[in-house]
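Structure, as structure tokens:
The values are calculated or read from the model by the stated rules, or taken from the named source; none is laboratory data. Keep in mind that what you see is a predicted model, and the values were worked out from it rather than measured. Note: ideal-geometry Cβ built from the backbone for every residue, glycine included; neighbour counts use all protein chains shown.
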Amino acid sequence: MKTIVITGASSGIGLVTGEYLAKQGYLVYGLSRTKGSSTLIKYLSCDVTDSEQVKSAFGQIKEPIDVVINNAGMGISGPVEFTPKEEIDQILSVNLMGVVNVCQEAIPRLRITKGKIINLGSIAGELAIPFQSFYSLVKAAVASFSEGLNNELRPFGIKVTVVLPGDTKTSFTQNRQKPKVIDELYARRFQRSLAKMEEDEQKGKNPLTVAKTISRIIKRKHPPLKVAVGWEYKLFVFLKRLLPTKFVNWLLYQLYGR
Ligand SMILES: NC(=O)c1ccc[n+]([C@@H]2O[C@H](COP(=O)([O-])OP(=O)(O)OC[C@H]3O[C@@H](n4cnc5c(N)ncnc54)[C@H](OP(=O)(O)O)[C@@H]3O)[C@@H](O)[C@H]2O)c1
């Protein structure tokens, strides 16, 4: 039986993916701060921002580890100019340092099994969203980190994939950090942008779509390095490569910046 470790398995994409993989016969360990509702996932309490907690969680897993999925994450919104430093630190700690902490523990274990690392990026890392600039920043960083890491680990037979979901209906929307005070300078544009983003997410894909994409990556001998979830998001990523950056940026302004 292959063993999978997934972070953030207490809700949303992580919970659905963990359950989906467990039903396929994998042994699934879920790392999160709170215990999720699934009886199919073996939960280990872990805050991914704390490297000691990550170390201790991995220490409790005695089986050889075949796949590690870095899924834990949070959202943030608000104008860059008024985002408090603590909130910037928090998103960097969870969405970026969390991935780093887990990878550092996982790599020695995956070297033995020639396993896989699957990191959750986002379409927002490819197409930077105004008023979510810090979220786009960390997800672009996760994608770039994954590309570099893939080549570092190539000689060991460990493969890295970054998965890019678009709007997905989870509690991510309600968990997103919002500014406590919104300055007049940005208030109307920010509220419009956030409302559109929240509406799109709540009309978004079922997290099972992401779970199925991840499951396919796990089964592939030669997995892709980067994969968008769903044909429309694959198209967006493709068009972004073709179209002038300034035009794409203007389009994003029309959608989320005006
Ligand atoms: N939903 C979307 O539209 C969307 C789109 C693109 C990408 N994504 C990405 O997909 C991933 C999963 O998001 P989701 O939509 O499933 O959101 P979610 O429902 O809010 O789930 C987030 C998960 O991350 C865990 N988590 C947060 N901080 C943590 C920490 N410090 N240590 C350990 N676990 C932590 C949470 O568990 P605890 O609170 O129990 O710790 C929870 O299980 C994220 O990386 C997100 O950026 C989501």
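Against the definition (loosely packed, with under 15 Cβ neighbours inside 10 Å, in contact with a Ser or Thr (Cβ under 8 Å, 6 or more places away or on another chain) and outside any helix (DSSP H, G or I)), how does Pro179 come out, yes or no? Answer is no for this residue. Checking the conditions here, which among Ser32, Ser51 is in contact with a strand residue (DSSP E or B) (Cβ under 8 Å, 6 or more places away or on another chain) and either buried (at least 16 other Cβ atoms within 10 Å of the Cβ) or among the hydroxyl-bearing types (Ser, Thr, Tyr) (or both)? Answer to the check: Ser32. When Leu31 is tested against (1) part of a strand (DSSP E or B); (2) away from the ligand (no atom under 13 Å from the Cβ); (3) within 19 Å of Ser93 (Cβ to Cβ), exactly one condition is not met: (2).
Could you check the stretch 1-28 and list, in sequence order, the residues that are assigned to a loop (DSSP other than H, G, I, E, B) and under 20 Å from the mean Cα position of the chain (by Cα)? I'd like the intermediate steps shown before the answer.
Initially, the stretch 1-28 is screened for residues assigned to a loop (DSSP other than H, G, I, E, B), giving 1-2, 8-11, 24-26.
Answer for the stretch 1-28, where residues must be assigned to a loop (DSSP other than H, G, I, E, B) and under 20 Å from the mean Cα position of the chain (by Cα): Gly8, Ala9, Ser10, Ser11.
Considered as a group, the residues in the stretch 105-115 that are on the phi < 0 side of the Ramachandran plot and of a type in the set (Lys, Arg) include one that is nearest to the ligand (Cβ to nearest atom), and that residue is Arg109. Among the residues of the stretch 116-128, none qualifies, meaning not one is away from the ligand (no atom under 11 Å from the Cβ), surrounded by fewer than 17 Cβ atoms within 10 Å (Cβ to Cβ) and under 27 Å from Glu232 (Cβ atoms). On inspection, Thr170 qualifies as surrounded by 17 or more Cβ atoms within 10 Å (Cβ to Cβ), hydroxyl-bearing (Ser, Thr, Tyr) and in a loop (DSSP other than H, G, I, E, B). So in the stretch 75-99, with the set limited to residues that are without any contact (Cβ under 8 Å) to a residue 12 or more places away in the chain and in a helix (DSSP H, G or I), which one is nearest to Phe145 (Cα to Cα)? So the residue we want is Asp89. Listed by first and then second residue, the pairs with beta-carbon distance under 6 Å, at least 6 apart or on different chains, first residue in the stretch 147-176 and at positive phi, second in a loop (DSSP other than H, G, I, E, B) and at pLDDT 95 or above, are Gly157/Lys114. In the stretch 45-68, the residue that is nearest to the chain's Cα centre (by Cα) out of those that are within 10 Å of the ligand (Cβ to nearest atom) and not in a loop (DSSP other than H, G, I, E, B) is Val54. Is the stretch 1-24 home to any residue that is in contact with a Leu (Cβ under 9 Å, 6 or more places away or on another chain), modelled with pLDDT under 95 and more than 13 Å from the ligand (Cβ to nearest atom)? Yes, because at least one residue in the stretch 1-24 is in contact with a Leu (Cβ under 9 Å, 6 or more places away or on another chain), modelled with pLDDT under 95 and more than 13 Å from the ligand (Cβ to nearest atom).
Just one of the numbered conditions (1) modelled with pLDDT of 95 or more; (2) farther than 22 Å from Pro179 by Cα; (3) in contact with a Phe, Trp or Tyr (Cβ under 7 Å, 6 or more places away or on another chain); (4) within 9 Å of the ligand (Cβ to nearest atom) is not true of Gly36: (1). Leu137: buried (at least 16 other Cβ atoms within 10 Å of the Cβ), part of a helix (DSSP H, G or I), within 13 Å of the ligand (Cβ to nearest atom) and not polar (S, T, N, Q), yes or no? Criteria met by Leu137.
Search the stretch 92-104 for residues being more than 10 Å from the ligand (Cβ to nearest atom) and over 12 Å from Thr7 (Cα atoms), and hand back the single one that is farthest from the chain's Cα centre (by Cα). Give the derivation first.
Filtering the stretch 92-104 for residues more than 10 Å from the ligand (Cβ to nearest atom) gives 92, 96, 100, 103-104.
Still in the running and over 12 Å from Thr7 (Cα atoms): 92, 96, 100, 104.
Values: Leu92: 12, Leu96: 9, Val100: 13, Gln104: 17 Å.
It comes out as Gln104.
Highlighted here are the helices (runs of 4 or more DSSP H) found entirely within the stretch 186-258 that include at least 2 residues which are among the basic types (Lys, Arg) and either surrounded by fewer than 18 Cβ atoms within 10 Å (Cβ to Cβ) or in contact (Cβ under 8 Å) with a residue 24 or more places away in the chain (or both): 187-202, 207-219, 231-242.
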